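The values are calculated or read from the model by the stated rules, or taken from the named source; none is laboratory data. The model shown is predicted, which means the values in this text are computed figures rather than measured ones. Cβ coordinates were reconstructed from backbone atoms using ideal geometry, including for glycine residues, and neighbour counts include every protein chain displayed. When the accessible area is computed, the model is the full protein with side chains, heavy atoms only, and any ligands, DNA or RNA have been set aside. Shrake-Rupley method; radii C 1.70, N 1.55, O 1.52, S 1.80 Å.
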Amino acid sequence: MAKTGTTTQGLRAAIERSGYYPALVAEAVEAAVGGEPVASYLVHQETTFDSNEVRRHVTVLVLTDTRFIVSHTDEQAADTSSPTPYATTSTESVKLDRISSVVVSRVVANPEKYVPGTLPREVVLTIGWGAVSRIDLEPAACGDPNCEADHGYTGNTTADDLSLRVSEAGDGPDAVRQTLAFAQSLSEATAATAATGR
């Protein structure tokens, strides 16, 4: 389930509609947003199955004029560290000029029959700002098949700070539409920030 919009009141209402510890999530998000007006937001709740347990997770993305805010809230069952169930909420605030990439991957069925404007069946939104990078290494080689020299390693570094997957089958068409709308707002904001240098 995903909800998006453009007002602080709408953000609070979307968090409440998600039904996932709304007082806890809203307090953390509102503290991170502070007094800035909300330009756009996305609330995405997902449920996962871990052995015999059902776990819920909510991600809230907020765009202001100067920052991108991401909040994650996870619930945990009672364990050796806590005799009662508990939730963990974290927020991160990123200046818009630090966002290095906004990647939108779309999965469409029957691409040969695609009609512009048709919703993809799945969207993966990946946002990078340099906090988390993944390095994929492999042994380097030369073109000589008989060469036995050590050529070191070669690889790629990938920014992988946030990745959010939404599907029409699992989340509904509105969630896909809302994710695309938020991604467009974020892309436009980062482009405007780069153009003005603020």
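Across segment 56-97, the number of residues qualifying as basic (Lys, Arg) and under 17 Å from Ala32 (Cα atoms) comes to 2.
Kindly establish whether Ala149 is small (Gly, Ala, Ser) and surrounded by 11 or more Cβ atoms within 10 Å (Cβ to Cβ). Answer is no for this residue. The set of residues in segment 26-38 being modelled with pLDDT under 95, in contact with a Ser or Thr (Cβ under 6 Å, 6 or more places away or on another chain) and not acidic (Asp, Glu) consists of Val38 alone. Scan segment 78-92 for residues that are aliphatic (A, V, I, L, M) and either in contact with a strand residue (DSSP E or B) (Cβ under 6 Å, 6 or more places away or on another chain) or exposed (fewer than 10 other Cβ atoms within 10 Å of the Cβ) (or both) and jot them down. Correct list: Ala87 only.
Is at least one residue of segment 127-148 at pLDDT 90 or above, out of contact with any Lys or Arg (no Cβ under 6 Å at 6 or more places or on another chain) and under 19 Å from Glu46 (Cβ atoms)? Within segment 127-148, one or more residues are at pLDDT 90 or above, out of contact with any Lys or Arg (no Cβ under 6 Å at 6 or more places or on another chain) and under 19 Å from Glu46 (Cβ atoms).
I'd like to verify a number: residues in segment 15-41 that are more than 20 Å from Asp65 (Cα to Cα) and aliphatic (A, V, I, L, M), how many?
Taking segment 15-41 as the starting set, the residues that turn out to be more than 20 Å from Asp65 (Cα to Cα) are 15-25, 27.
If we keep only those that are aliphatic (A, V, I, L, M) as well, we get 15, 23-25.
Total satisfying the criteria: 4.
I'd like to check something: does segment 59-70 contain any residue that is hydroxyl-bearing (Ser, Thr, Tyr), within 19 Å of the chain's Cα centre (by Cα), open to solvent by 60 Å² or more (accessible area, probe 1.4 Å) and within 23 Å of Ala189 (Cβ to Cβ)? Yes, that holds for at least one residue. For Ala169, the test of being in a loop (DSSP other than H, G, I, E, B) and either more than 27 Å from Thr7 (Cβ to Cβ) or modelled with pLDDT under 80 (or both) is failed.
Using the structure shown, decide if Ser40 is touching a Leu at 6+ places or on another chain (Cβ under 9 Å) and small (Gly, Ala, Ser).
On the way: touching a Leu at 6+ places or on another chain (Cβ under 9 Å): yes; small (Gly, Ala, Ser): yes.
The answer is yes for Ser40.
Residues in segment 104-129 that are under 17 Å from Leu186 (Cα atoms) and part of a strand (DSSP E or B): 9 in all.
When restricted to residues that are open to solvent by 70 Å² or more (accessible area, probe 1.4 Å), free of Cβ contacts under 8 Å to residues at least 24 places away in the same chain and out of contact with any strand residue (DSSP E or B) (no Cβ under 8 Å at 6 or more places or on another chain), segment 31-49 contains 1. Within segment 62-70, not a single residue is among the basic types (Lys, Arg), without any contact (Cβ under 8 Å) to a residue 60 or more places away in the chain and over 22 Å from Thr179 (Cβ atoms).
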